[in-house]
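*Asks:* Just passing along the structure, written as structure tokens.
The values are calculated or read from the model by the stated rules, or taken from the named source; none is laboratory data. This one's a predicted model, so the numbers in the text were calculated from it and none came from an experiment. Methodologically, a virtual Cβ is constructed for each residue, glycine included, from the backbone with ideal geometry; neighbour enumeration extends over all protein chains shown. In case anyone asks, the SASA skips ligands and DNA or RNA and just uses the protein heavy atoms, side chains included. Shrake-Rupley method; radii C 1.70, N 1.55, O 1.52, S 1.80 Å.
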Amino acid sequence: MNKKLAMLGLGVAVGSMMLVTSVYAGVGEAPGYEAFKTAVKQTATIKNVTRQVNVSLQDNGASLLQVKSTIKTGGADQVGSAQVQVQSSDAEQQTIQFYSQDGKQIIKTADSDVYKVIEGDNAPAKFKGHNKGNHTPNPEVVSEVENVVDALVGNLKNYVTMDEAAGNGKEIHFKLSGSQISPVVNTVGSLLIKHGTMAKDEPMPAKANTLGIDLGTLKNSLPQLASDISMDEVEVNASVDSDDHITSQSAQIHLSGKDEQGAKHDVVLSIDMTLSSLNSTTPDTIDLSGKQVENVKFDEMSGHKKWSDKN
């Protein structure tokens, strides 16, 4: 699929969440921070879980984009499933279903009866290696990243607070605004938004070349900020259970800037994530018997997909 997908729509949301989360990755010793850091590491080890992730994007109070997703990972043989609903202000809702089963990746959109199947033997070497590889982070790399972030954010640990919750759980809260936000973090966030805005002028691939997913909807939902871009406020709340697993987490990022005509925009990105059925999740599967199936083959040399005949 076209690499622009990672920079648009969901990519912006996920990238923003990673930016916020990375701020915690080494800022010093403080009870709230240490509890959150431990919870992040513990949660990352869970291979069997159901995640519900909702994303909304507003510009001057008007809804631009809403994404609702349910992601189930089985933790064995790369089995998993997901359903994603995307609603933008100027397009019909898209519903996309993903299945990873029997060594195949299966994608279906709500506006089609065809199940598009990517078989492991047909995928590029990098794709196959990604599925089979060990994804355990290199401890040395993690440590180096923490040191870099530590130098960037300085005394951010002073803004992380923690309250005890029922059942030996914890409620962790973090909020920054104005000058409390690191200039470096603000600059990086501004560049991400500006780069996404610049991508709006580039042509997007047709749905036939993106497994039936309309990337144009995502592209057109991005705020058109061109100058004076600033990250004004960041707030994160997390609930942690007695086993140091994050069961829910929300983030809200306030951005401001001007478009090419000089009009001011106040943009709010909200992300809510809930984890459930830890170590007891059963991913959805699909029986392709009697279904319309279209096998997707990849050209190893160019990376462009080729479509086989429908079955």
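*Asks:* Looking only at segment 58-77, filter to residues that are at pLDDT 90 or above and hydrophobic (A, V, I, L, M, F, W, C); which one of those is surrounded by the fewest Cβ atoms within 10 Å (Cβ to Cβ)?
*Replies:* The qualifying residue surrounded by the fewest Cβ atoms within 10 Å (Cβ to Cβ) is Ala62.
*Asks:* Starting from segment 174-189, keep only residues that are surrounded by fewer than 14 Cβ atoms within 10 Å (Cβ to Cβ), then list their pairs with residues that are at pLDDT 70 or above and not in a helix (DSSP H, G or I) whose Cβ atoms are within a distance under 6 Å, requiring at least 6 positions of separation or different chains.
*Replies:* From residues that are surrounded by fewer than 14 Cβ atoms within 10 Å (Cβ to Cβ), the pairs are Ser177/Glu233.
*Asks:* Right, next: Going residue by residue through segment 228-240, is there one that turns out to be assigned to a loop (DSSP other than H, G, I, E, B) and touching a strand residue (DSSP E or B) at 6+ places or on another chain (Cβ under 8 Å)?
*Replies:* No, the conditions are met nowhere in segment 228-240.
*Asks:* Going through segment 199-251 one residue at a time, which ones are farther than 28 Å from Thr274 by Cβ, modelled with pLDDT of 85 or more and crowded, with 18+ Cβ neighbours inside 10 Å?
*Replies:* The answer is Ile229, and nothing else.
*Asks:* Shifting gears a bit: Modelled with pLDDT of 90 or more and buried (at least 19 other Cβ atoms within 10 Å of the Cβ): is that true of Thr50 in this structure?
*Replies:* no
*Asks:* Also, I was wondering about something else. Please go through segment 252-265 and pick out each residue that is within 22 Å of the chain's Cα centre (by Cα) and open to solvent by 30 Å² or more (accessible area, probe 1.4 Å).
*Replies:* Gln252, His254
*Asks:* One residue is enough: does segment 293-301 have a residue meeting the conditions out of contact with any Lys or Arg (no Cβ under 7 Å at 6 or more places or on another chain), part of a loop (DSSP other than H, G, I, E, B) and modelled with pLDDT under 95?
*Replies:* Yes, there is a match, as at least one residue in segment 293-301 is out of contact with any Lys or Arg (no Cβ under 7 Å at 6 or more places or on another chain), part of a loop (DSSP other than H, G, I, E, B) and modelled with pLDDT under 95.
*Asks:* Quick one: how many residues across segment 225-241 are more than 17 Å from Lys37 (Cβ to Cβ) and not β-branched (Val, Ile, Thr)?
*Replies:* 9
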